[in-house]
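The values are calculated or read from the model by the stated rules, or taken from the named source; none is laboratory data. Computed from a predicted structure; not experimentally measured. Because the Cβ atoms are built from the backbone with ideal geometry, glycine has one as well, and the counts that use them run over all protein chains shown.
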Amino acid sequence: MKINWYSLVSGKLKEQPSPAGWPHGDPAKFGDSWFDVQDADTEELRQFLTPLDLHPLQLARCLDSVDDPGVTAFGKSVLMEYPAAFDQQSADRAYLTILLKTPVLVTARHGLMPALDELVQSLVGDKAPEVVHLPQLLYLILDQFADLNVEAQITIRDQILSLAKSITETPEAVSTSELSRVRWQVENLVSLIEDQLYCISSLNASDNDALRDPHRKAYIQDLVSETEIAQRGVYRLESRVNDLYNDYQVAGNDRVERRLRLLTIVSAITLPLGLIAGLLGMNVGGLPGTSLGSGFIIVVAVMALIVFVEYWYFKHRGWFD
């Protein structure tokens, strides 16, 4: 188990060395602190959380291996299981367990979260923004993942625009697998943002002491608004993907229709020629032109004239357009 300890000192987040005997002892004695836990097994996490005196249901949920988004609040502590990251290649989500019990904020990672590492680097640097209290830090963590959703939406939107252009210019170059992959990414992102909105809305509705102050509450309410905007945006992407499918089907139907039209024209042209060849090829007496030396040339000329007249007719009627 790896535990990174950061304390709030005069509005700045300071990285601290792990105290001796870690993780034994009461983490709350270190003041306003953020403990970021990585690669912890169930027993190690239990030992770390036990001094916080959590409600049994909260502790059980922290240790549960099943990732289930939601918020559990009891008294002064609030626990959130937050789906934190969107992966364009996988449906498996990285979950972040967040526990706020003033003066302690605990995050336990379940999966890779490079975005959280980037946030830490930005908060402990020389030009780091001021962080006054733990709810603000909680807001910054959740906002970091909200920004990832915006980036994912922009990436998927660009893919949709590229596919739409290809369908317009060269529809045969677009495959159903490409459309299916984009649709899957959109549906995955829709599910992720819906779960995040559920978590943040539940957090906003909690009666945790640290979140009752109107100024602090504003941080969470801002997250709710931001996530609702992201949800509307991803729903628009979902609508665009459906329109893309319709355009692809129309383009595919148009290609099939043009091919069938060409086959119909060819069949219409060759049908009378086959009829003439069949009649003149019958082995019976009385066939016209059999006694003429130029009979073959005359028949070929008549057949060529029929082809020309039929071609002119179909061309004039716009069948080749």
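Numbers for the structure displayed
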item	result
Region 75-93, subset modelled with pLDDT of 85 or more and not polar (S, T, N, Q), residue farthest from ASN208 (Cα to Cα)	PRO83
Where a residue in region 244-268 is closer than 15 Å to VAL174 by Cβ and of a type in the set (Lys, Arg) and its partner, wherever it lies, is surrounded by 13 or more Cβ atoms within 10 Å (Cβ to Cβ) and at pLDDT 80 or above, with Cβ under 8 Å and at least six apart	ARG255/PRO171
Some residue of region 131-149 being surrounded by 13 or more Cβ atoms within 10 Å (Cβ to Cβ), among the small types (Gly, Ala, Ser) and more than 19 Å from LYS12 (Cβ to Cβ)	yes
Any pair with Cβ under 8 angstrom, 6 or more apart, that starts in region 187-205 at a residue that is under 15 Å from GLY70 (Cβ atoms) and among the small types (Gly, Ala, Ser) and ends at one that is modelled with pLDDT of 90 or more and part of a helix (DSSP H, G or I)	SER201/VAL224
Leading residue by the ranking (modelled with the lowest pLDDT) among those in region 293-321 that are surrounded by 11 or more Cβ atoms within 10 Å (Cβ to Cβ) and assigned to a loop (DSSP other than H, G, I, E, B)	PHE320
Residues satisfying the stated conditions in region 206-216, i.e. part of a helix (DSSP H, G or I) and either surrounded by 14 or more Cβ atoms within 10 Å (Cβ to Cβ) or touching a residue at least 24 places away in the same chain (Cβ under 8 Å) (or both)	ASP209, ALA210, LEU211, ARG216
Selection count where residues are surrounded by 18 or more Cβ atoms within 10 Å (Cβ to Cβ) and either closer than 16 Å to LEU105 by Cβ or modelled with pLDDT under 85 (or both), scope region 53-71	4
Failed item, numbered, when PHE30 is tested on (1) more than 34 Å from the chain's Cα centre (by Cα); (2) at pLDDT below 85; (3) closer than 19 Å to LEU140 by Cα; (4) not charged (D, E, K, R)	(3)
Qualifying positions in region 162-178 - surrounded by 14 or more Cβ atoms within 10 Å (Cβ to Cβ) and under 18 Å from ARG255 (Cα atoms)	LEU163, ALA164, SER166, ILE167, PRO171, VAL174
Residues being within 22 Å of the chain's Cα centre (by Cα), part of a helix (DSSP H, G or I) and in contact (Cβ under 8 Å) with a residue 40 or more places away in the chain - total across region 110-126	1
Condition broken by ARG93, with the remaining ones in (1) under 27 Å from the mean Cα position of the chain (by Cα); (2) in a helix (DSSP H, G or I); (3) of a type in the set (Lys, Arg) satisfied	(2)
Selected residue [over 30 Å from GLU187 (Cα atoms) and free of Cβ contacts under 8 Å to residues at least 60 places away in the same chain] from LEU57, LEU105	LEU57
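Results for (1) out of contact with any Leu (no Cβ under 9 Å at 6 or more places or on another chain); (2) assigned to a helix (DSSP H, G or I); (3) more than 25 Å from LEU116 (Cβ to Cβ), shown as yes or no for each residue.
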{"residue": "ALA146", "(1), (2), (3)": "no, yes, no"}
{"residue": "GLN153", "(1), (2), (3)": "no, yes, no"}
{"residue": "SER162", "(1), (2), (3)": "yes, yes, yes"}
{"residue": "ILE167", "(1), (2), (3)": "no, yes, yes"}
{"residue": "LEU189", "(1), (2), (3)": "no, yes, no"}
{"residue": "ASN204", "(1), (2), (3)": "no, yes, no"}
